[in-house]
Amino acid sequence: MSLLRTRLAQPGDSEAIRRIYNVEVLASTATFDLVERTAEEQVSWLAARSGAFSVLVAELDGAVVGFASLSPYKERAAYRTTVENSVYVDAECRSRGVADALLGELLGVARSSGFHSVIARVGGGNEASIALHAKHGFKMVGTEREIGRKFGRWQDVTVMQTILDTP
């Protein structure tokens, strides 16, 4: 039986996070990035995230197989209680509860950090991500039509939201 655990990301997790992310850059519409992250960019990305905007990783038998993060939703001050979430899982480890564990833990971090609302922006009609977010209480609030272009096609983004119980 495999042991799955989530924890805060550490600087040493940067390369594993980059490897997982770059597969999605090249092969999916989970991200609208078109160029892989360099090692230096990934180190900077991770270093910029701390406190309420920390990154979580999931380990399966000691290996990092997924990550999740909270990011500011918008820069204007009135949006500061809303965050956007991201969840990525190694393709070899999907359907093992990794994304479910990461998103559940991430919502706990958002709640304990005092955030009121979490937005998920799901690119390219990713039904698995839509179902994952719905399982965690997210509701569909809209679709941004043809907002990005990847793989020679216009891509829609499904916008989902959950309102957190605030203490």
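The values are calculated or read from the model by the stated rules, or taken from the named source; none is laboratory data. Note that the structure is predicted; figures quoted are calculated from it, not measured. Note that we place each Cβ from the backbone using ideal geometry, even for glycine, and neighbour counts take in every protein chain shown.
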Segment 37-54: number of residues that are closer than 21 Å to residue 84 by Cα and out of contact with any Ser or Thr (no Cβ under 9 Å at 6 or more places or on another chain): 5
Any hit, segment 89-112, residues being of a type in the set (Ser, Thr, Tyr), surrounded by fewer than 20 Cβ atoms within 10 Å (Cβ to Cβ) and in contact with a strand residue (DSSP E or B) (Cβ under 7 Å, 6 or more places away or on another chain): no
Among (1) surrounded by fewer than 16 Cβ atoms within 10 Å (Cβ to Cβ); (2) part of a strand (DSSP E or B) - the single one residue 161 does not satisfy: (1)
Residues (among the charged types (D, E, K, R) and part of a helix (DSSP H, G or I)) located in segment 25-51: 40, 41
Long-range neighbours under 8 Å by Cβ, at least six apart or interchain, first residue closer than 11 Å to residue 120 by Cα and touching a residue at least 24 places away in the same chain (Cβ under 8 Å) within segment 131-148, second among the charged types (D, E, K, R) and assigned to a loop (DSSP other than H, G, I, E, B): none
Meets criteria (among the charged types (D, E, K, R) and surrounded by fewer than 16 Cβ atoms within 10 Å (Cβ to Cβ)) for residue 40: yes
Residues being in contact (Cβ under 8 Å) with a residue 24 or more places away in the chain and farther than 18 Å from residue 17 by Cα - total across segment 98-111: 5
Hits in segment 28-49 (condition: more than 21 Å from residue 73 (Cα to Cα) and free of Cβ contacts under 8 Å to residues at least 60 places away in the same chain): 35, 36, 37, 38, 39, 40, 43
Identity of the residue in segment 52-61, of a type outside the set (Phe, Trp, Tyr) and not in a loop (DSSP other than H, G, I, E, B), that ends up nearest to residue 111 (Cα to Cα): 52
Verdict on residue 130 being closer than 24 Å to residue 46 by Cα, surrounded by 15 or more Cβ atoms within 10 Å (Cβ to Cβ), within 16 Å of the chain's Cα centre (by Cα) and at pLDDT 95 or above: no
Residue list for segment 43-86, filter: crowded, with 17+ Cβ neighbours inside 10 Å, among the small types (Gly, Ala, Ser) and within 19 Å of residue 5 (Cβ to Cβ): 58, 66, 68, 69
Selection from segment 87-122 of residues that are of a type in the set (Gly, Ala, Ser), under 29 Å from residue 151 (Cα atoms) and under 12 Å from the mean Cα position of the chain (by Cα): 99, 120
